[in-house]
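> First the structure, which I've put down as structure tokens, then a few questions once you've had a look.
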Amino acid sequence: MDAEAVKSNLVLILDYGSQYTHLITRRIRSLSVFSLCISGTSSIQSIADLKPSVIVLSGGPHSVHSPLAPSFPDEFIEYVQSNGVYVLGICYGLQLLVQKLGGEVRVGEKQEYGRMEIEVLKGGSGLFDKGVDNRQVVWMSHGDEAVRLPDGFEVVARSQQGAVAAVENPARRFYGLQYHPEVTHSPKGMETLRYFLFDVCGITAGWKMEDVLEEEVKVIRGLLGPEDHVICALSGGVDSTVAATLVHKAIGDRLHCVFVDNGLLRYKERERVMETFEKDLHLPVTCVDATEQFLSKLKGVIDPERKRKIIGKEFICIFDAFAQDLELKLGNRPAYLVQGTLYPDVIESCPPPGSGRTHSHTIKSHHNVGGLPKDMKLKLIEPLKLLFKDEVRELGRILSVPVGFLKRHPFPGPGLAVRVLGDVTEGNALDILREVDEIFIQSIKNAGIYDSIWQAFAVFLPIRSVGVQGDQRTHSHVVALRAVTSQDGMTADWYNFDHKFLDDVARKICNSVRGVNRVVQDITSKPPSTI
């Protein structure tokens, strides 16, 4: 399917702040249908410019009765009706649709949270196929409920408590689910989405990574003139490496990669990464040692957001200087900077409708997104910014990036600065963390479980504890081990290690790393924690 056909089948998600919104995007993409997520309060022009075939109104934490309740623009109903766009409201999205079309939403007599059985009252409708099970277990998360439907709507499913679970008005192409079909706790949810998109809306599956590659190469070549040169910030991670390989495919030797040793890298990271770039990827890479520059600016800084901002600014200073050096050599100053920004980075760096800001809550200022200075001279090329991690790995496979490299665990752009909780320059925190992290990761690899884990790393905690080592009392540092499983990094669960494995790793760390006498494990999921 060509790029235009993919765009004509776009399913657009309007985000109203649900923790599950990104999952809707992921589930729809898993059906080989292109899907994008934008703020639920976007202008009608922003929506119309994307020309969606289907619009999904996401869930969210607000009540439609709240004065801060986010909503679609006033012209939305007229736009979707006149353009034949199908609309599916999920949870808050259903309630918003009902209220705006003249129905009534009230605080429910019985709130519904978690697993709940529903009864399908009408199969063969816009939401449920004829042969569908008339009883399904779904995931509910709502306090309000629709008590009076707008004209032309009918209830096609109810919860076991009698609340409205699904509504539709096929004549006007409006549909609503009070539950979350996108989560795994709704076992039949994907069937419902599949039937709705393909059988009701007439969407055609055809979005694949080969098309993404072809389209991105075309976009990059169209953006750059024949004499334009580009800088790529390589971190040694999967994202920036795939981005560099893609851009190199598009413009060849006009790409100039720079790898910055900011003093915040893992154990022997610089040597290992440079060897991979030269031997396996054949990318033109310049290594810049900026350890002193970064650490001097981070001295005394404890707040992780300030660390991110400082690091983002210093990176740009280095890239600007690198561009100046290239200008002297080439007679042509590079105007663009390539970064491996991913879709979760964009989502997490933006704020939630109804928060007084403009999109879902800022979880972090990503160094590629919120951490960049406003006055940077280089313009950005971000070829992966609409992709999730597993999609980037698939793109890397198509580009022949070595599989071993693609399987590397993610490493944050600010590096160990956000894994040392406190001042990174205090004592020998960085050296201790590097040694601990190396023992942990190598132990995971030796146990044959590295590929089963999304991300694993050690954290240096800003506390000391009393211990006994060599028959002597010690007052030494505490380190934490963190390992999680995930599909896209937006949600995650902690990895359940075998107790013997943890025992062995803790002993190795305390016996090998001077200055550590206690090892703890982080067993929190995301949410409530970040990874």
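The values are calculated or read from the model by the stated rules, or taken from the named source; none is laboratory data. Values in this document were obtained by computation on a predicted structure and should not be read as measured data. Counting neighbours? That spans all protein chains shown, and the Cβs are built from the backbone with ideal geometry, glycine included. In case anyone asks, the SASA skips ligands and DNA or RNA and just uses the protein heavy atoms, side chains included. Shrake-Rupley method; radii C 1.70, N 1.55, O 1.52, S 1.80 Å.
> Taking amide H atoms as placed 1.01 Å from N in the peptide plane, list the residues 5 or more away in sequence, or in a different chain, whose amide H sits under 5 Å from that of T425.
G300
> Check which residues have an amide H placed less than 5 Å from Q455's amide H, if you skip close sequence neighbours.
It is V484, by chain and number.
> Between L380 and S465, 0.36 nm times their residue separation minus their Cα-Cα distance comes to what?
So the extension gain works out to 26.0 nm.
> Along region 384-394, what does the Karplus equation 6.51 cos²θ - 1.76 cosθ + 1.60 (θ = phi - 60°) give for ³J(HN,Hα), rounded to whole Hz, x for Gly and Pro?
After applying 6.51 cos²θ - 1.76 cosθ + 1.60, I find 10, 5, 10, 10, 8, 4, 5, 5, 5, 5, 5 Hz.
> Net charge around Q324, counting only other residues with Cβ within less than 13 Å of its Cβ (Lys, Arg = +1; Asp, Glu = -1)?
0
> Please express the Cα-Cα pair-distance distribution P(r) of region 1-85 as a list of whole percents, one per 5 Å bin, running from 0 to the bin with the greatest distance.
All Cα pairs, binned at 5 Å, distribute as 3, 14, 25, 23, 19, 11, 3, 1, 0 percent.
> Please work out the FRET efficiency for the pair R270 and R507, using the Cβ-Cβ distance as r and a Förster radius of 41 Å; give the result to the nearest 0.05.
0.90
> Another question about this same structure. Report the local net charge at V64: Lys and Arg +1, Asp and Glu -1, summed over other residues whose C-beta lies under 9 Å from its C-beta.
0
> Can you figure out the FRET efficiency of H282 with Q487, using R₀ = 41 Å and their beta-carbon distance, to the nearest 0.05?
The computed FRET efficiency comes out at 0.85.
> Still on this structure, please answer the following. Please compute the net charge surrounding L433, taking Lys and Arg as +1 and Asp and Glu as -1 over other residues with Cβ under 14 Å from its Cβ.
-1
> Each residue of region 308-320 in order: what ³J(HN,Hα) in whole Hz does its phi give by Karplus 6.51 cos²θ - 1.76 cosθ + 1.60, θ = phi - 60°, with x for Gly and Pro?
4, 5, 4, 5, x, 5, 5, 4, 5, 4, 5, 5, 5
> Would you pull out the residues with amide H under 5 Å of A492's amide H, same chain only if 5 or more places away, H placed 1.01 Å from N?
K526
> To continue, here is another question. How many nm separate the modelled label positions at L121 and M190, each set 7 Å beyond the Cα in the direction of the Cβ?
Placing both labels 7 Å beyond Cα along the Cβ direction yields 3.0 nm.
> So, for region 183-311, what is the accessible surface per residue at a probe of 1.4 Å, expressed in square angstrom?
Accessible surface, normalised per residue, equals 45 Å².
> Helix-only mean residue ellipticity at 222 nm, the chain, DSSP H runs n ≥ 4 weighted -39,500 (n - 2.57), per residue, nearest 500. What is it?
That comes out to -9500 deg cm²/dmol.
> Oh, and also: Restricting to lysines 8 or more places apart or on different chains, can you count the pairs in region 259-332 with Cα atoms under 23 Å from each other?
Count of close lysine pairs: 10.
> Once phi is turned into ³J(HN,Hα) by the Karplus curve 6.51 cos²θ - 1.76 cosθ + 1.60 with θ = phi - 60°, what whole-Hz value does each residue of region 189-201 show in order, with x for glycine and proline?
x, 5, 4, 5, 5, 4, 5, 4, 5, 7, 7, 8, 7
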